[in-house]
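All remarks here apply to the structure that follows.
The values are calculated or read from the model by the stated rules, or taken from the named source; none is laboratory data. These numbers come from a predicted model, not from an experiment. We place every Cβ from the backbone using ideal geometry, glycine too, and count neighbours over all the protein chains shown. Note: areas computed on protein heavy atoms with side chains; ligands, DNA, RNA excluded. Shrake-Rupley method; radii C 1.70, N 1.55, O 1.52, S 1.80 Å.
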Amino acid sequence: QVQLVESGGGLVQPGGSLRLSCAASGTILSIYVMGWYRQAPGKQRELVAALSSVGSTNYADSVKGRFSISRDSANNTVYLQMNSLKPEDTAVYYCNLDGISSTTRSRRYYWGQGTQVTVSS
């Protein structure tokens, strides 16, 4: 069993910053990618940022230059630093882990419960 626990969401004014954290725990054998997705009301879930085990990153065009993903590999934790936030960044942000657990022995996606980010004045 793999658990992802997110923290750091909240209400922020336009132009402000937030830092999201996601700690993975449980029977993790290997991690290929950890990242963040978001889903706004009435829209599909979309990739925000991802970080592979070898350090390569992938960002949505809408957040390039404003958001930064990083990790603490020793603690299986990934962070999303969000700067210059805009109202259109408002969404539920979900942590994602692409990896293998010792119980399933198969590669699959795992999801956190989501954390709300609201950008509003």
Which pairs have Cβ atoms under 7 Å, sit 6 or more apart or on different chains, and link a residue in the stretch 32-43 that is within 15 Å of Glu88 (Cβ to Cβ) to one that is open to solvent by less than 60 Å² (accessible area, probe 1.4 Å) and assigned to a loop (DSSP other than H, G, I, E, B)?
Ala40/Thr90
Identify, from the list Thr103, Thr90, the residue that is among the β-branched types (Val, Ile, Thr) and touching a strand residue (DSSP E or B) at 6+ places or on another chain (Cβ under 7 Å).
Thr90
The residue from Leu11, Leu4 that alone is open to solvent by 20 Å² or more (accessible area, probe 1.4 Å), in contact with a strand residue (DSSP E or B) (Cβ under 7 Å, 6 or more places away or on another chain) and part of a strand (DSSP E or B) is Leu11
Let me confirm something: among Gly16, Gly35, which residue is open to solvent by less than 60 Å² (accessible area, probe 1.4 Å) and not in a strand (DSSP E or B)?
Gly16
Go through (1) modelled with pLDDT of 95 or more; (2) in a loop (DSSP other than H, G, I, E, B); (3) open to solvent by 20 Å² or more (accessible area, probe 1.4 Å) for Tyr94 and report which single condition fails.
(2)
Please work out if Asp89 is of a type in the set (D, E, K, R), without any contact (Cβ under 8 Å) to a residue 12 or more places away in the chain and over 18 Å from Leu4 (Cα atoms).
no
Every residue from the stretch 97-121 that is of a type in the set (A, V, I, L, M, F, W, C) and open to solvent by 20 Å² or more (accessible area, probe 1.4 Å):
Ile100, Trp111
Restricting to the stretch 97-113, and then to whatever is of a type outside the set (Lys, Arg) and in a strand (DSSP E or B), can you tell me which residue is farthest from Ser62 (Cα to Cα)?
Ser101
If you go through the stretch 44-70 one residue at a time, how many are open to solvent by 60 Å² or more (accessible area, probe 1.4 Å), under 20 Å from Leu85 (Cβ atoms), in contact with a strand residue (DSSP E or B) (Cβ under 8 Å, 6 or more places away or on another chain) and assigned to a loop (DSSP other than H, G, I, E, B)?
1
Select from the stretch 71-88 the residues that are part of a helix (DSSP H, G or I) and in contact with a Pro (Cβ under 9 Å, 6 or more places away or on another chain) and list them in ascending order.
Pro87
